[in-house]
Amino acid sequence: MRVMQQHSSEKQVSEHPPYRRGDAVDGAPLVSVVIPAWNEENGIADIVRRVLKVEPALVEAGARGLEVIVVDDGSHDRTAEIAGAIAGVRLIRHPGNRGYGAAIKTGFRHARGELLAFLDADGTYPPESLPQCCRAILRDGADVVVGSRRSGAESRMPRVRRLGNFIWSNLVSLIGQRRCVDPASGMRVLRRSALARLYPLPDGLNFTPVMSTRCIHEGLEVVELPVPYSERLGRSKLSVVRDGTRFFKTILWTSLEYNPVKVLGLVGLGFLGLSGLLGAGLVIARLQGVTSLGHWGVMSVFLALVSGVAGVSIYSLGVTFNFLVALFHRRPLRQGFWGKWMVERVLEPYFGWLGLLAALLGAGLAGTAIVLGSAGWEIARLWLWLLGSALFLLMGLQLMISYILARVLEALAGREKLVQREIPDAGARHAAEVLREPRAGEMQAV
């Protein structure tokens with residue numbers, strides 16, 4: 001056993017070389033199981049031995065063998081000492097605590113297997129289910145397999161966490177337009193080839209919900225298998241409020257990288273709905289002869305105007321951002337608010353016409369108010385006309401601006417495809433010209 005520097009802040013105790021591409025080319029793949037551990041001296045030995053015992057079942061499922069990697073994330077107890085004393089374990093140590101996700105990524109970086117797995121060191125997840133997870137990849141073609149605590153198996157999850165996982169599950173499913181039962185599960189098996197589409201991933205406990213969100217938006221084949229969930233050994237390191245807030249923010253931010261209109265569209269439609277309700281109430285009040293408003297009436301007018309403009313602005317911003325995201329990704333994405341991007345592609349070209357009609361309606365209401373005011377109507381009878389005019393003018397202006405911006409972005413996004421269709425070898429010619437250009441400081445021969 002020897003100690004060698006693997007990274008500027010990592011030490012590895014191992015008899016194996018680091019992963020080399022091609023290790024699993026000839027025959028069945030090796031399964032590398034990463035166990036992140038931080039102050040888990042009470043449970044690390046038991047979980048490691050349970051993982052080692054499943055190797056025959058993994059081979060039966062189609063794997064070549066098993067590699068167990070324990071990443072000690074700066075523990076202050078005997079976690080590293082206990083794990084390092086177990087035969088067949090590769091121990092990697094962080095000199096300080098870098099986070100749950102950072103420990104898993106360190107394990108992935110040093111793993112030699114083509115199938116990568118991870119599970120918690122506290123004994124909550126059953127390593128005996130790893131062969132079934134690997135079988136779903138090797139025989140059923142899955143890219144990622146999640147050990148789901150919410151799919152029917154016995155679960156001793158605390159009630160607070162059950163509520164949290166219910167919220168995260170529905171949030172990820174709503175935004176991703178695909179059912180995700182347990183986005184925060186800490187037991188997974190995935191193909192190494194999937195990492196390029198899943199990274200970057202965070203260093204903290206929000207590692208798993210971000211991975212689940214990326215899986216959906218990247219179009220990876222995800223299988224969720226029911227696994228029993230046990231009570232952890234020792235004190236939990238999860239803060240319900242702090243980590244729950246972090247989960248919520250990172251799910252939303254990650255979704256914005258793929259399908260902005262889903263997140264912004266929900267917010268925009270919420271504002272539009274509020275504006276519609278308030279506007280309907282004001283119209284009803286005016287038809288009943290109300291010509292003056294109290295404190296709450298004025299606030300309703302203000303909220304109706306602001307909500308209507310904000311709703312249209314935020315929704316159209318989401319549609320526009322979708323073009324930007326597609327432009328940067330340079331490949332097809334699962335986008336759209338209504339379930340299919342084609343719906344947005346049908347609606348979006350009419351933003352210009354809708355904006356023009358809204359602006360004309362606003363101008364018409366303003367003109368009517370001017371005519372009626374000239375005819376002697378008091379301002380108390382014209383306030384609703386003026387309010388509606390301002391609302392429709394601002395909404396129309398926003399829709400027309402979004403239409404122009406979307407047209408430009410769509411042209412930029414499709415430019416490369418059009419060039420390739422018209423001039424098939426244009427990309428190769430451009431690359432050759434770039435290679436022939438002299439670099440800065442070089443002299444051309446005369």
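The values are calculated or read from the model by the stated rules, or taken from the named source; none is laboratory data. Predicted model only: the values in this text are computed from it and were never measured. Cβ atoms come from the backbone with ideal geometry, glycine included; neighbour counts cover every protein chain shown.
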- Out of all the residues in the stretch 213-234, is one or more closer than 21 Å to residue 94 by Cβ and assigned to a helix (DSSP H, G or I)? no
- Query: Before we move on, is residue 146 crowded, with 24+ Cβ neighbours inside 10 Å and at pLDDT 85 or above?
  - Reply: yes
- Message: Here is a list: 209, 200, 260. Which entry is modelled with pLDDT of 90 or more and buried (at least 17 other Cβ atoms within 10 Å of the Cβ)?
- Response: 209
- Message: List the helices (runs of 4 or more DSSP H) inside the stretch 104-207, counting only whole elements, that have at least 1 residues being assigned by TED's automatic domain parsing to the domain that holds residue 73 and more than 23 Å from the chain's Cα centre (by Cα).
- Response: 130-138, 159-176
- Could you look through the stretch 150-164, keep only residues that are out of contact with any Phe, Trp or Tyr (no Cβ under 9 Å at 6 or more places or on another chain) and modelled with pLDDT under 70, and pick out the one that is farthest from residue 181 (Cα to Cα)? 158
- Evaluate the following for residue 91: is it more than 25 Å from the chain's Cα centre (by Cα) and assigned to a helix (DSSP H, G or I)? no
- Query: So which residues in the stretch 263-299 are within 28 Å of the chain's Cα centre (by Cα) and either at pLDDT below 85 or under 19 Å from residue 389 (Cα atoms) (or both)?
  - Reply: 271, 272, 273, 274
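Which one is nearest to residue 117 (Cα to Cα) among residues in the stretch 159-205 that are of a type in the set (A, V, I, L, M) and in contact with a strand residue (DSSP E or B) (Cβ under 9 Å, 6 or more places away or on another chain)?
Within the stretch 159-205, the match that is nearest to residue 117 (Cα to Cα) is 189.
Just to verify a result, which residue in the stretch 154-207, among those that are acidic (Asp, Glu) and in contact with a Ser or Thr (Cβ under 9 Å, 6 or more places away or on another chain), is farthest from residue 97 (Cα to Cα)? Spell out how you get there, then give the answer.
Step one: list which residues in the stretch 154-207 are acidic (Asp, Glu), which gives 154, 182, 203.
Then keep just the ones that are in contact with a Ser or Thr (Cβ under 9 Å, 6 or more places away or on another chain); that gives 154, 182.
Working: 154: 32, 182: 26 Å.
Ranking the qualifying residues of the stretch 154-207, first place goes to 154.
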- Flagged in the stretch 179-194 as touching a helix residue (DSSP H, G or I) at 6+ places or on another chain (Cβ under 7 Å) and touching a residue at least 24 places away in the same chain (Cβ under 8 Å), in numbering order, are 180, 181, 182, 183, 184, 185, 186, 189, 191
- Query: Does residue 390 satisfy being at pLDDT 75 or above, assigned to a helix (DSSP H, G or I) and closer than 23 Å to residue 300 by Cα?
  - Reply: yes
- Note: among 364, 355, 396, 376, just one is at pLDDT 70 or above and at positive phi, namely 376
- Of all residues in the stretch 368-388, which are within 18 Å of residue 287 (Cβ to Cβ) and either of a type in the set (Lys, Arg) or surrounded by 13 or more Cβ atoms within 10 Å (Cβ to Cβ) (or both)? 368, 369, 372, 377, 381, 382, 383, 384, 385, 386, 387, 388
